[in-house]
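Below is one structure, written out as structure tokens, with a few remarks after it.
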Amino acid sequence: MKILTVLTGGTIGSTVKNKTIDVKGFSCPITEMYKEKFPGTADFDAVNLCSVLSENINYRHWNSLTDCILDGEKAGYDGIIVTHGSDTLSYTSAILGVCLSFIKIPIVLTAADYPLENPKSNGFLNFCGAVEFIKSVNAPGVYVSYGTGEQADIYLGTRLCEADRFLDRFSDFTGTPLGRYCQGKVTLNQSPFNPTPEQLMQRRSPILQGVPRLSDCVKMITPYPGIDYSRINLSPNIKAILHLSYHSGTLCTEGGSTALDLLKQCKENGVDFYLCSIKNRENLYATTRKLLADGGVPMYNISREAAFAKLTAVYSSDCANPTEVSGKNFFFENVLEFR
């Protein structure tokens, strides 16, 4: 089993100096830790792609990362592990899950809550979960290994939701991760919303024409009471608006400045307007109905990260009908009852 480890920085690739966590000065490759603990169980090559705190990740890093992973697949690696910062882990995993949905080997991202030198760090546990997933499940696609204590959860790359601001815990968009790593083994969770092992192993054909060169073409907006839409400008590079909704799939459509005003501005400027996430059900709120009637495009049962990743990939590509392509399921990001 030969695994390529792509190092990008983050807490898992950081050290602490003068009470400051930074990627500068880090010199403890996690692959060496693994080989000392489990000698002879896997062969590793490591590529130091970049050393960046993940809050500073941008489109240039994502393009370099997809190139590196594709090169690794061509080189014949059995799997690839990407060490990453936790702050934007859910965004990068979604980007890779969408852009590389057709990949034929497992790609597993992992991170840490503390630098590896800290005994409380979960970085090594998470890395072990990534290795074991590649060795035992070996399903093509993009996944994440991250947990606490003696257990790491295994997530679909397009289902991971950003960690909360207090406990720093990640969650799955459906509430049930794909699986877990515990006591050296990976087991898959039973859930009507999770794909079966057979579905995971299915080969997927590319939906886009090649891997897109990602660019800043999507603006994401978060709603809050009293938002003034007149202050939102549509720069020339923006091709689509991703407007997150409240949990009921609603936005403000009455009063002063409303989402309907922004939708009108988008239509006048040839910018597509998406609502995320809308529950795929018969009865919708009147405010949602108004937005859909005026041309808003619903994104059903999908996380904000996956919606952003999908639109960024689609609108960075040369698609004749981007709204149609955006409705397709790239890598289980649109949640259905799979069983």
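The values are calculated or read from the model by the stated rules, or taken from the named source; none is laboratory data. Please read these numbers as outputs of a predicted model, since none were measured by experiment. Backbone-built Cβ (ideal geometry, glycine too); neighbour counts: all protein chains shown. Protein only, heavy atoms only, side chains kept; ligands, DNA and RNA dropped before computing areas. Shrake-Rupley method; radii C 1.70, N 1.55, O 1.52, S 1.80 Å.
Of the residues that make up the range 106-119, is at least one in contact with a Pro (Cβ under 7 Å, 6 or more places away or on another chain), assigned to a strand (DSSP E or B) and open to solvent by less than 10 Å² (accessible area, probe 1.4 Å)? Yes. If you go through the range 203-255 and pick out every residue that is open to solvent by 40 Å² or more (accessible area, probe 1.4 Å) and farther than 24 Å from Cys319 by Cβ, you end up with 13. The condition (being among the β-branched types (Val, Ile, Thr) and more than 21 Å from Val137 (Cβ to Cβ)) is satisfied by just one residue among Thr5, Thr83, Thr66, Thr31: Thr66. In summary, Asp87 fulfils each of the numbered conditions (1) in contact with a strand residue (DSSP E or B) (Cβ under 7 Å, 6 or more places away or on another chain); (2) outside any helix (DSSP H, G or I); (3) of a type outside the set (Gly, Ala, Ser); (4) within 24 Å of Ser215 (Cβ to Cβ) with the single exception of condition (1).
Filter the range 262-271 down to the residues that are open to solvent by 10 Å² or more (accessible area, probe 1.4 Å) and farther than 25 Å from Thr92 by Cα and list them by number. Walk me through it before giving the result.
Our first condition is that a residue be open to solvent by 10 Å² or more (accessible area, probe 1.4 Å); within the range 262-271, this holds for 264-265, 267-271.
Within the range 262-271, Lys264, Gln265, Lys267, Glu268, Asn269, Gly270 meet the criteria.
What residue, of Ser248, Ser277, Ser257, is touching a Phe, Trp or Tyr at 6+ places or on another chain (Cβ under 8 Å) and not in a loop (DSSP other than H, G, I, E, B)? Full working, then the answer.
Values: Ser248 fails: not in a loop (DSSP other than H, G, I, E, B); Ser257 fails: not in a loop (DSSP other than H, G, I, E, B).
Sole residue among the options that is touching a Phe, Trp or Tyr at 6+ places or on another chain (Cβ under 8 Å) and not in a loop (DSSP other than H, G, I, E, B): Ser277.
Can you spot a residue in the range 35-55 that is farther than 18 Å from Leu116 by Cβ, modelled with pLDDT of 95 or more and assigned to a helix (DSSP H, G or I)? Yes. In this entry, Val137 passes the filter for residues that are more than 22 Å from Thr11 (Cα to Cα) and either at pLDDT 95 or above or not basic (Lys, Arg) (or both). Need the failing condition index for Glu55 against (1) surrounded by 23 or more Cβ atoms within 10 Å (Cβ to Cβ); (2) closer than 19 Å to Cys161 by Cβ, just the number. So Glu55 meets the others, but not (1).
Name the residues in the range 197-224 that are hydrophobic (A, V, I, L, M, F, W, C), touching a helix residue (DSSP H, G or I) at 6+ places or on another chain (Cβ under 6 Å) and within 21 Å of Ile238 (Cβ to Cβ), would you?
First pass over the range 197-224, keeping only residues hydrophobic (A, V, I, L, M, F, W, C): 200-201, 207-208, 211, 214, 217-218, 220-221.
Checking the rest, the ones that are also touching a helix residue (DSSP H, G or I) at 6+ places or on another chain (Cβ under 6 Å) come to 211, 214, 217-218, 220.
Those that are hydrophobic (A, V, I, L, M, F, W, C), touching a helix residue (DSSP H, G or I) at 6+ places or on another chain (Cβ under 6 Å) and within 21 Å of Ile238 (Cβ to Cβ): Leu214, Cys217, Val218, Met220.
Looking only at residues of the range 69-84 that are more than 16 Å from Asn48 (Cα to Cα) and out of contact with any strand residue (DSSP E or B) (no Cβ under 7 Å at 6 or more places or on another chain), we find that the one that is most open to solvent (accessible area, probe 1.4 Å) is Lys74.
Here the range 171-189 is the region considered, the condition is being of a type outside the set (Gly, Ala, Ser) and closer than 18 Å to Asn334 by Cα, and the residue that is surrounded by the fewest Cβ atoms within 10 Å (Cβ to Cβ) is Thr176. The residues on offer are Tyr285, Tyr274, Tyr315, Tyr300, and the sole one that is closer than 22 Å to Gln209 by Cβ, surrounded by 15 or more Cβ atoms within 10 Å (Cβ to Cβ), of a type in the set (Ser, Thr, Tyr) and out of contact with any Cys (no Cβ under 7 Å at 6 or more places or on another chain) is Tyr274.
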